[in-house]
Amino acid sequence: MTIELTDRIEMADSDELSLDEMFELLERMPVPEGYKVEIVEGAIQMSPQRDAHWEIIRWIVRMLEDRFGMHVKVKSDVRIDFPGGRNGFAPDVVKLSDEARQDAKRRWSCGDIEFVAEVISRDTRENDYGKKKRAYARAGVPVYVIADPYTGKCHAHGRPEGEEYESELTVDFGEKLDLSPLGMDWTLETDQFPRD
């Protein structure tokens, strides 16, 4: 179950709240443990984390560390703001460039992202395949991977152009996903990814 809170936050003097103001309100709300909270195109969304979801995230992080070393800048469920109407995402897995530094507000820049992966949750799949994909392309994220435990497939998108990706590779769970055609020297092993 995903909860959308768009209608429950009152706007002061009918002005739209900024992304920071929305997150400040969220910090004061009792978010249930085990729920992920994001703002996608101005809509606040909470979705529960399932076991298969976490297992896939864990495997991706581990493979990034194996390939790029233990000092690789990998983040999970950390707020990063993206271009386009109020987009404050907490991507499942992000690899930042080695040169990436936090800004004065202690936030990472979407311009420093080299790779992002989202693991599909049943109720937020439309965001991952649609709104987030467009936002990632608009931000120039070079490689975007969607791991879908419901279909048992991984989709890799590369070569962002405007709001779209020009290249897509798809494999079934259990197959290797070679990201080098998309410009990333890395192969994602999907044989340990559980289905849901």
Exercise for review: Please specify each residue of the range 1-34 satisfying the condition of being within 19 Å of the chain's Cα centre (by Cα), assigned to a loop (DSSP other than H, G, I, E, B) and either at pLDDT 75 or above or among the aliphatic types (A, V, I, L, M) (or both).
Suggested key: 1
Exercise for review: Examine the range 149-169 for a residue that is at pLDDT 95 or above, among the charged types (D, E, K, R) and crowded, with 16+ Cβ neighbours inside 10 Å, and state whether such a residue exists.
Suggested key: yes
Check your understanding: Right, residue 84: assigned to a strand (DSSP E or B), open to solvent by less than 50 Å² (accessible area, probe 1.4 Å), modelled with pLDDT under 95 and not charged (D, E, K, R) or not?
Key -> no
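From the residues in the range 42-58 that are in a helix (DSSP H, G or I) and not β-branched (Val, Ile, Thr), which one is surrounded by the most Cβ atoms within 10 Å (Cβ to Cβ)?
Initially, the range 42-58 is screened for residues in a helix (DSSP H, G or I), giving 51-58.
Okay, now just the ones that are also not β-branched (Val, Ile, Thr), so 51-55, 58.
On the way: 51: 10, 52: 18, 53: 22, 54: 15, 55: 16, 58: 13.
That would be 53.
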Check your understanding: Does residue 102 fit the bill of being exposed (fewer than 15 other Cβ atoms within 10 Å of the Cβ) and of a type in the set (S, T, N, Q)?
Key -> yes
Exercise for review: Search the range 59-71 for residues being open to solvent by less than 90 Å² (accessible area, probe 1.4 Å) and assigned to a helix (DSSP H, G or I), and hand back the single one that is farthest from residue 147 (Cα to Cα).
Suggested key: 68
Review point. In the range 20-41, which residues are aliphatic (A, V, I, L, M) and either crowded, with 17+ Cβ neighbours inside 10 Å or at positive phi (or both)?
Key: 22, 26, 37, 39, 40
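Could you check the range 106-129 and list, in sequence order, the residues that are aromatic (Phe, Trp, Tyr) and open to solvent by 60 Å² or more (accessible area, probe 1.4 Å)?
Looking only at the range 106-129, we keep the residues that are aromatic (Phe, Trp, Tyr), and these are 108, 115, 129.
Hit for the range 106-129 is 129, nothing else.
The values are calculated or read from the model by the stated rules, or taken from the named source; none is laboratory data. Note that the structure is predicted; figures quoted are calculated from it, not measured. Every residue, glycine as well, gets a Cβ built from its backbone with ideal geometry; the counts of neighbours run over all protein chains shown. Just the protein is used for accessible areas: all its heavy atoms, side chains included, with ligands, DNA and RNA removed. Shrake-Rupley method; radii C 1.70, N 1.55, O 1.52, S 1.80 Å.
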